[in-house]
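Below: the structure, in structure tokens.
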Amino acid sequence: MKIKWLGHPAFKIVSDEGTVIYMDPWIKKNPVCPIRLDDVIKADVVTVTHGHDDHLGDALEIVKKTGALLISSPEICFYAQKHGIKWDKGSYSIDIGGCATFKDIEIHATHAVHTAAIYGEEWNNNEEMIPNGASMGYVLKLKSGKTIYYAGDTGLTMDMQLIGEIYRPDIAFLPIGGRYTMTPRLAARAAAMVGAEYIIPMHYNTFPFNQQDPIELQRLIDALTARVKVVILKPGEEFEF
């Protein structure tokens, strides 16, 4: 499995079977994203955690361009239908606690603690947001036996302990930027509860207000547990597992 960080919340994952997944693909307006939208040639699945513009991002355009399946909340899938992606054909909606199976991947929707509204075309054109309370994370269980927990934008929640117990993820993507997500101190507690072998920090060092040192995250985790390693990626770098 190959994991490429595209900066802020965005990841490209290629499973051992060759399935290509984009998670919260904010590309065009992402100041630290190392690729262009034209570089996205193939996608099988696109997941969106919530409707903020730095997460909904370019998801709908990628789905239309590649024929990928959009997996997200019912609200975002209904929104996508209004913008040219057919309900239950180009999209597959799940809610917290639900799951979807596509090729070699099971995608489970998990609880995330975060505000949400849809900032789509209406926001880009008229600064009009659509109220929407849905925000979630995902667990990806691959046929190869590997499991990823993508926390999405979230504060610290005791659900993370249950996610660790039930899904036993190998890798967890945790936000550390502060202000709009967990700080490194809270993310370290989350890492200890989730219990994944590897933590990939995200949602940081994009703007002046979310500057963080990921090395500090490792120090804070080490004070809680000795069995978790922080994988520090620069935008565009890959981690193979």
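Shown is the FRET efficiency for E237 and T115, computed with R0 = 25 Å from the Cβ-Cβ distance and rounded to the nearest 0.05: 0.25.
Which of T206, T47 has the fewest other C-beta atoms within 10 Å, and how do the rest follow up to the most?
Numbers: T206 20, T47 28.
So the ranking, lowest neighbour count to highest, is T206, T47.
For a paramagnetic label modelled at 7 Å from the Cα of E106 toward its Cβ, which residues of region 65-84 fall within the zone defined by backbone nitrogen distances under 20 Å? Taking a point 7 Å out along Cα→Cβ of E106, the residues of region 65-84 whose backbone N falls under 20 Å are 71-73.
Distances over 16 Å make up what percent of all Cα-Cα pairs in region 1-104? Mind showing how you got there, number by number?
Working: 2843 of 5356 pairs.
The share of Cα pairs beyond 16 Å in region 1-104 comes to 53 percent.
Taking R0 as 35 Å, what FRET efficiency do you get between K64 and K146 from their Cβ-Cβ distance, rounded to the nearest 0.05? Working shown, then result.
Details: r = 29 Å, r/R0 = 0.84.
In this case the efficiency is close to 0.75.
Going by neighbour counts of Cβ atoms within 10 Å, the residues W87, W5, W26 line up, fewest first, as W87, W26, W5. The stretch between I130 and I166 holds 9.6 nm of extra length on full extension. This uses 0.36 nm per residue minus the Cα-Cα distance.
Rounded to the nearest whole Hz, the Karplus-based 3J(HN,Hα) values (6.51 cos²θ - 1.76 cosθ + 1.60, θ = phi - 60°) of region 62-70 follow the sequence 5, 4, 5, 6, 9, x, 5, 8, 7, with x at glycine and proline. Considering only the Cα atoms of region 97-241, their convex hull presents on average a projected area of 9.8 nm². For I163, I215, I35, which order do you get if you count the other beta carbons within 10 Å of each Cβ and list the fewest first? Lowest to highest Cβ neighbour count: I215, I35, I163. DSSP assigns beta bridges within region 114-241; of those with both partners inside it, close to 40 percent run antiparallel. Stretched out straight at 0.36 nm per residue, the stretch from F207 to T225 would grow longer than its current Cα-Cα span by 3.5 nm.
Only helices enter this figure: runs of n ≥ 4 DSSP H residues, each worth -39500 (n - 2.57), summed and divided by the residues of the chain, yield -6000 deg cm²/dmol at 222 nm to the nearest 500.
What FRET efficiency, computed as 1/(1 + (r/R0)^6) with R0 = 25 Å and r the Cβ-Cβ distance, is obtained for V32 and I96, rounded to the nearest 0.05? The partial results should precede the final answer.
Values: r = 29 Å, r/R0 = 1.17.
Plugging the Cβ-Cβ distance into 1/(1 + (r/R0)^6) gives 0.30.
Taking H83, H50, H203 in turn, the Gaussian network model of the chain (Cα-Cα springs below 10 Å) assigns the largest fluctuation to H83.
No value in this document is a laboratory result; all are computed from the given coordinates. Keep in mind it's a predicted model, so treat the numbers as computed, not measured. Ideal geometry is used to build each Cβ from the backbone, glycine not excepted, and the neighbour counts take in all protein chains shown.
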